[in-house]
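Here the structure comes first, spelled out in structure tokens, and everything after it is commentary.
Computed from the coordinates by the stated procedures, all read-outs in this text should not be read as laboratory data. Owing to the predicted nature of the structure, the values given are computational and were not obtained by experimental measurement. FYI the Cβ positions are ideal-geometry reconstructions off the backbone, even for glycines, and counts take in every protein chain you see.
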Amino acid sequence: MARQKGRDRMKDRSEVWEHFLKKETPLVLRAICKYCRMEYKYNPKKNGTSVLWGHINRCRKYPYNTPKDSKQSILSFRGAKIGDGTSNLTYQKYDPASIRKALSFMVIVDELPFKFVEGVGFRQICNVMEPRFHVPSRITVAKDCYQTYLIEKRKLKNVLKHCNSRVSLTTDSWTSIQQINYMCLTVHFIDNNWKLQKRILNFCLISSHKGEEIGKEVEKCLLDWELEKVFCITVDNASSNDTAIGYLRRKNNHWKSRFLKGRYLHMRCVAHIINLVVSDGLKTMNESVNRVRHAVRFIKQSPARLLRFKKCVSEEKINTKRLLCLDVPTRWNSTYLMLSAVIDLKGAFERFSEFLQAFYDLTLRVSGSLCVTSNLFFDELVNVALLLKELESSEDFEMCVIASKMKEKYDKYWGDVEKMNMLIFIAVVLDPRYKLDYVEWMITQIYRVDVASTLITNLREALNAMYEEYRGFSSSDVLKEEAGIIK
């Protein structure tokens, strides 16, 4: 009777079958070790290959295993420190679990694709370094990476739970080339050792950029991390973020550790405001900037043109090592770098570039992520206001028009004192180098007398309210709860 045709049997993908033979019996399949002839029951629908790998790691007749127990220590020079008075020779145990942990760490830190571990070259070098270790598949490595994430998440959650300080959040959302919406939420806090920490809490998909959706996603993340001691949330100036903060402020009213009833929860991104201010000013000089941009692009598009340009620089005896750089039109500070490079090669834009220098310095100071910046940018912020005030009365008509447009955008965010977040001033007041008198004096330099008086009054009220808020934490029970002692 002819054998009925059917679907071909799937090829075994696991490398463990290089060490085992399959034996079919009427009741069950069996896997037989090629070295010691040990038999194991095997059912591809119920059992994996973990038992078989475990046998290979301890099989005494497997040629790459040590004659004794595989957990026996072996001599090694790894971990030795030269010049510290200790012996250079040490010992090390074969631990496949530690190797898998290190492998997942490598994939995460070096941002490698999971399929990297299935590459022929990588498997070859692993076989040379440690023949007893069997490189896992990309699916296993992905699971190991996820387990690493869960472990690190538990550690960070414990740190945040026992942290004595409040936390600040920053969030942003964008759309990828594939038209997929993403959102990132980052936490900033001072740990119990007085060190600034920055951690990404969530990087996730969102259905849309609507404020309500963003607010719900942030709330969901905060509930997952059990975070209630939120000081403020920094966002850019999109209208949807106003809606998102409004949603979170309503939810914040139900949190036990809310700060001043969410009065200063909304912090507008200073770097984004500076970008909007300068972008409005650049529109006046848009034609000139475009000419520079097109000239730089024309030169850099061809290696021959770039080489000829360098030759011209040499012939003109221009003493500079700077090269032309093309800007990104949506990022004004890259436009500054482009114009600044052009100045060394042609002096036509010198005055305009010096004008942008103050905004560039301010952007650098407020964009730092390795140190606290809230108390650093106040001087530059005042300098920018004074510069705009001075240029508005300039005899240069073009600069006067530019300054007027930029001042209009500046006043939109920092001109209405009733809408300003007092925390940008309080951070400077708490800096012992400046204190309250200095801040009040600087406010009088950049605002009209009536506006300055109102702003100073609001600042003093905010300071008193903050003091009363923290004075309520003076009882021992509350202090212990803030420190995470009471569970």
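Taking a cut-off of 19 Å, what percent of all Cα-Cα pairs in the stretch 95-161 are separated by more than that? Walk me through the numbers before you get to the answer.
On the way: 772 of 2211 pairs.
When every Cα pair of the stretch 95-161 is considered, 35 percent fall beyond 19 Å.
What are the ³J(HN,Hα) values, in whole Hz, obtained from phi via the Karplus relation 6.51 cos²θ - 1.76 cosθ + 1.60 with θ = phi - 60°, for each residue of the stretch 118-124 in sequence order, with x given for Gly and Pro?
Values per residue, Gly and Pro as x: 9, x, 5, x, 5, 5, 5 Hz.
Between residue 457 and residue 430, take the C-beta separation as r, use R0 = 22 Å, and let me know the FRET efficiency to the nearest 0.05.
Numbers: r = 19 Å, r/R0 = 0.85.
Computed FRET efficiency for residue 457 and residue 430: 0.70.
Under 5 Å between amide hydrogens, which residues at least 5 positions from residue 202 or on another chain qualify, with H placed 1.01 Å from N in the peptide plane?
Correct list: 185.
Estimate the FRET efficiency between residue 138 and residue 38 by the formula 1/(1 + (r/R0)^6), using the beta-carbon distance for r and 41 Å for R0, to the nearest 0.05. All intermediate terms of the calculation are to be shown ahead of the outcome.
Working: r = 29 Å, r/R0 = 0.71.
Calculated value: 0.90.
Quick one: which residues, 5 or more positions from residue 172 or on another chain, have an amide H under 5 Å from its amide H? H modelled 1.01 Å from N in the peptide plane, none for Pro or chain starts.
Amide H neighbours of residue 172: 184.
Count neighbours as other Cβ atoms within 10 Å of each site's Cβ, and list the GluC sites (Glu not before Pro) in the stretch 360-439 that are DSSP loop with at most 12 such neighbours.
Sites meeting the loop and neighbour criteria: 395.
The stretch 379-437: which trypsin sites (Lys or Arg not before Pro) are DSSP loop and have at most 16 other beta-carbon atoms within 10 angstrom? The partial results should precede the final answer.
On the way: sites: 389, 405, 407, 409, 412, 419, 433, 435; in loops: 433.
Sites meeting the loop and neighbour criteria: 433.
Which loop chymotrypsin sites (Phe, Trp or Tyr not before Pro) in the stretch 129-207, with loop taken from DSSP, have no more than 12 other Cβ atoms within 10 angstrom of their Cβ?
194
Could you derive backbone 3J(HN,Hα) for the stretch 137-153 from the dihedral phi with the Karplus parameters 6.51, -1.76 and 1.60 (θ = phi - 60°), listing whole Hz in sequence and x where the residue is Gly or Pro?
Calculated HN-Hα couplings, in order: 6, 5, 5, 5, 5, 4, 5, 4, 5, 5, 5, 4, 4, 5, 5, 5, 5 Hz.
State which entries of 41/143; 34/93; 23/93 exceed 31 angstrom in Cα-Cα distance in the structure shown.
Details: 41/143 26 Å; 34/93 26 Å; 23/93 35 Å.
As for pairs spanning more than 31 Å Cα to Cα, those are 23/93.
Using a 7 Å offset from the Cα along the Cα-to-Cβ direction at both residue 200 and residue 118, what is the distance between the two label points in nm, to one decimal?
Going by the 7 Å Cα→Cβ label model, 2.5 nm.
Apply the Karplus parameterisation 6.51 cos²θ - 1.76 cosθ + 1.60, with θ equal to phi minus 60°, to every residue of the stretch 18-32 and state each ³J(HN,Hα) to the nearest whole Hz, in sequence, with x for glycine and proline.
6, 10, 10, 10, 9, 10, 8, 10, x, 9, 7, 7, 10, 10, 10
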